[in-house]
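Enquirer: Attaching a single structure in structure tokens format; questions to follow.
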Amino acid sequence: MSFKASVKEPVITLSAGPVAAYPSILQALSRPVQYDYDPWFQEFYEAVARKCARAMRVKEPALILHCEPAPGIEATAASLIGPEDTVLNLASGVYGKGFGYWSARYHKDMVEIEVPYNEAISPKAVAAAFKKNPGIKIVSLVHHDTPSGTINPAREIGKIVRDNNALLIVDAVSSFGGMDIHPDDCFADVFITGPGKCLGGAPGLTVMAVSDRAWKHIEKNPKAPFASALSLKDWKDAWSRKKPFPFTPSVAEVNGLDAALDQYLDEGPEKVWHRHALTARATRAGIRAMGLELWAKSEAIASPTCTAVRVPKGLKDTDIIAAARAEYGVVLSTGRNDTLGKLIRIGHMGPVAEPIYAVVAVTAFGGALRKLGRRVDIGAGVEAATRVIAKGKA
Ligand SMILES: *Cc1c(COP(=O)(O)O)cnc(C)c1O
């Protein structure tokens, strides 16, 4: 590579995504870039859409959008929310809050439940919102609001949404593949994920499961975009070879997605979730043993795919992150928007969702604090993390 950076390349990336991809995926990304109308690629595309469905445990082949999940979520708002719809937006973090701004371009009304960004949405509050506003047609939930590292009770909320005959959008971008969550478990009508987080692939695609109920609503929406980057309709049944692709799919990324799904399905989802949870648990134990505070209000809502640590008083997040990188070559993530400056995130996604990386994270975090003049018992942190690993219980 001729590129010469001013800094060394990281040694270990423990970011909140994108994550360093598995070697098998890097290999797949170097497969030939096939012509999208060639019968080989068309068959392959169908097989990948079906494999996504197998991973998500749904029947219909997945809808694949050829963009990052953030624009994929925007496209969902544009396609699903019609000018007569009332939306219930659930905001327990930056992504949840952000959906409301997209929704505002399309909806008639919005009701919002917002909780402090270290807490989770309560199903009771959702039930109460329906009682007060029976006209709610669409609900948006972020399962794991990554900039907070907290998990929302998607199953309980989904059940309430279904019982009230509304449609549910679930952003599971940074939880699917790293824990036990699937579209049908949480009654999702649009379930959104991607290969760049827990599946340990490259960023660049959106993978979705869309229910018949949601498609019917999109068909009825007079403003649903078509011939547009925000259209879900354009890509409906794109796997089926019944109509041409609306534009050239990201062929190389589809190669990578296929390998990411193989990695996940061949290892076995339950095993994959277990190592994510165990790594997170060991990390939390180590962080606490060094006298640091978790961002999540309770361990029960702390994510198994990303640990958010409160920035110790008197220190700056960016100084800690810079010290961890300079001394140990370890990359950590800051917060985002409202959580920026308040927390530091340690990702446990894909290839780094292995317990040894809990030890790496604790050492680099503690070492960075020591570099900045704090007294930290790194040994106690490592000891606590390894004790969790030895028990092996996530
Ligand atoms: C990563 C992520 C997305 C996608 O955001 P990008 O900026 O496209 O990577 C969406 N939702 C959540 C909760 C995420 O963690």
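The values are calculated or read from the model by the stated rules, or taken from the named source; none is laboratory data. The structure displayed is predicted, hence computed values, not measured ones. Because the Cβ atoms are built from the backbone with ideal geometry, glycine has one as well, and the counts that use them run over all protein chains shown. Accessible surface areas use protein heavy atoms only, side chains included; no ligands, DNA or RNA. Shrake-Rupley method; radii C 1.70, N 1.55, O 1.52, S 1.80 Å.
Enquirer: Would you mind getting the accessible area per residue of the chain, heavy atoms of the protein chains only, 1.4 Å probe, in Å²?
Expert: 43
Enquirer: List the aspartates and glutamates whose Cα lies under 16 Å from the Cα of residue 313, skipping any in the same chain that are fewer than 8 positions away.
Expert: Straight-distance partners of residue 313: 293.
Enquirer: Counting only DSSP beta bridges with both residues in the chain, what percent are antiparallel, rounded to the nearest 5?
Expert: 45
Enquirer: Region 57-118 to region 233-306: how many Å between their Cα centroids?
Expert: 19
Enquirer: Something else: Let me make sure I get this right: for region 90-194, a, b and c are the square roots of the gyration tensor eigenvalues over alpha carbons, sorted descending. Under 1.5 in a/c it's rounded, otherwise prolate if a/b > b/c, else oblate. Which is it?
Expert: Because its axes are fairly even, with a/c under 1.5, region 90-194 counts as rounded.
Enquirer: How would you classify region 1-118 from its alpha-carbon gyration tensor, with a ≥ b ≥ c the square roots of the eigenvalues: rounded for a/c under 1.5, else prolate if a/b is greater than b/c, otherwise oblate?
Expert: In terms of gyration-tensor shape, oblate.
Enquirer: Of 387, 275, 31, which has the most accessible area with a 1.4 Å probe, and how do the rest follow in descending order?
Expert: The most accessible residue leads, giving 387, 31, 275.
Enquirer: Separate question: Please list, or write none, the lysines whose alpha carbon is within less than 25 Å of the alpha carbon of residue 271, excluding same-chain residues fewer than 8 places away.
Expert: 51, 59, 197, 391, 393
Enquirer: Using unit Cβ charges (K, R positive; D, E negative) and no other charged atoms, how large, in debye to the nearest 20, is the dipole of the chain about its Cα centre?
Expert: So the magnitude is around 920 debye.
Enquirer: Express the carbon and sulfur contribution to the solvent-accessible surface of the chain as a percent, rounded to the nearest whole number, probe 1.4 angstrom.
Expert: Answer for the chain: carbon and sulfur cover 54 percent of the accessible area.
Enquirer: Among 333, 15, 30, which one moves the most in a GNM of the chain with springs linking Cα atoms closer than 10 Å?
Expert: 30
Enquirer: Take the alpha carbon gyration tensor of the chain, find the square roots of its eigenvalues, order them as a ≥ b ≥ c, and report rounded if a/c is under 1.5; if not, report prolate when a/b exceeds b/c, else oblate.
Expert: Oblate is the answer for the chain, as a/c is 1.5 or above yet b/c matches or exceeds a/b.
Enquirer: Could you identify which residue out of 66, 217, 143 has the top mean-square fluctuation in a GNM of the chain using Cα springs shorter than 10 Å?
Expert: 217
Enquirer: At what distance in angstrom do the alpha carbon centres of region 351-372 and region 1-51 lie from each other?
Expert: With region 351-372 and region 1-51 each reduced to a Cα centre, they are spaced 27 Å.
Enquirer: Another question about this same structure. Give the longest segment of the chain that steers clear of chymotrypsin sites (Phe, Trp or Tyr not before Pro) in DSSP loops with at most 16 neighbouring Cβ atoms within 10 Å, not counting the sites themselves.
Expert: 38-225
Enquirer: Same structure again: Nearest 10 degrees is fine. How inclined is helix 94-103 to the longest principal axis of the chain, computing both from alpha carbons?
Expert: Helix 94-103 sits at roughly 20 degrees to that axis.
Enquirer: Now, a different point. Tell me the accessible surface of residue 393 in square angstrom (1.4 angstrom probe, heavy atoms of protein chains only), to the nearest ten.
Expert: Near enough 140 Å² of accessible area.
Enquirer: May I ask for the angle, rounded to the nearest 10°, between helix 356-371 and the longest principal axis of the chain, with both axes built from Cα atoms and the value confined to 0 to 90°?
Expert: Helix 356-371 and the main axis of the chain meet at about 60 degrees.
Enquirer: May I ask what percent, to the nearest 5, of DSSP beta bridges between residues of region 31-266 are antiparallel?
Expert: If we restrict to bridges inside region 31-266, about 30 percent are antiparallel.
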